[in-house]
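These notes are about the structure you will find just below.
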Amino acid sequence: MKTITAIVLAGALCAAALAQQFKFDLDRLAAKASNAVDVSLNGQTLQFAAKFLEGSDPEEAAVKKLIAGLEGIYVKSFEFRNPGEYSQADLDQVRAQLRAPEWSRAIGVKSAQEGETVDVFLHMENGKITGVAILAAEPRELTVVNIVGPVDLDALAQLGGHFGVPKVSKKKDSTK
């Protein structure tokens, strides 16, 4: 009986950990794409890569701290020769997995004129971010990102201006 209880408990813990990662299931788009990028870095790979980062370099130390607890980073990006080579149904299939209560949409940007959308979803557990999903769609480009594991937004903000991460600053508006 103890063995069965241990197996059930282990299964439940694995299921909880996997809930943050979703199925991209976009491989069929690779055949249509003129360019395709597929990045799959599991926790073990990330920890191995972190060993090569210098702790004495402030930028590299910040990256090392940021990825320390991550379980994976997964990216699929497709570029197409012509608009319309992927469908809204392809996006809806991914969005369907990013619903409450596990996920919540934190940011949604839509430019009807440019035909672009960006959605950022957060996976929360006990008030902490335990996963991030990003969907960026343009008429000829589609990118889906899934970061699995605890994400420290303050640490991410500190990387602004480095490694291609945009610097975001708060400016005081004296008129308000």
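What list of ³J(HN,Hα) values in whole Hz, one per residue of region 127-138 in order, does the Karplus curve 6.51 cos²θ - 1.76 cosθ + 1.60 (θ = phi - 60°) give from phi, with Gly and Pro shown as x?
Values per residue, Gly and Pro as x: x, 10, 6, 10, x, 9, 10, 10, 10, 10, 10, 10 Hz.
Among F80, Q47, V148, which residue has its Cα furthest toward the positive end of the charge dipole of region 35-158, with +1 on Lys/Arg Cβ and -1 on Asp/Glu Cβ?
With unit charges placed on the Cβ atoms, the residue in question is V148.
Around G127, under 15 Å between beta carbons, what's the net of Lys plus Arg minus Asp minus Glu among the other residues?
Combined, the nearby Lys, Arg, Asp and Glu give -3.
Could you tally the net charge around K64, taking each other residue with its Cβ under 13 Å from the Cβ of K64, Lys/Arg +1 and Asp/Glu -1? Working shown, then result.
Details: positive: K51, K65; negative: E54, D57, E59, E60, D152.
Cβ neighbours under 13 Å give a net charge of -3.
Straight-line reach from K51: which aspartates and glutamates fall under 12 Å, measuring Cα to Cα and dropping same-chain residues less than 8 apart?
E60
Taking the alpha-carbon centroid of each part, what is the distance from region 99-121 to region 47-73 in angstrom?
28
What's the local net charge at K76, with K and R +1, D and E -1, over the other residues with C-beta under 14 Å away?
Surrounding charge for K76 is -3.
Since every read-out is calculated from the coordinates, none of them should be taken as a lab result. Fair warning: this is a prediction, and the values are worked out from it, not measured in the lab. No Cβ is skipped: glycine too gets one built from the backbone with ideal geometry, and neighbour counts run over all protein chains shown.
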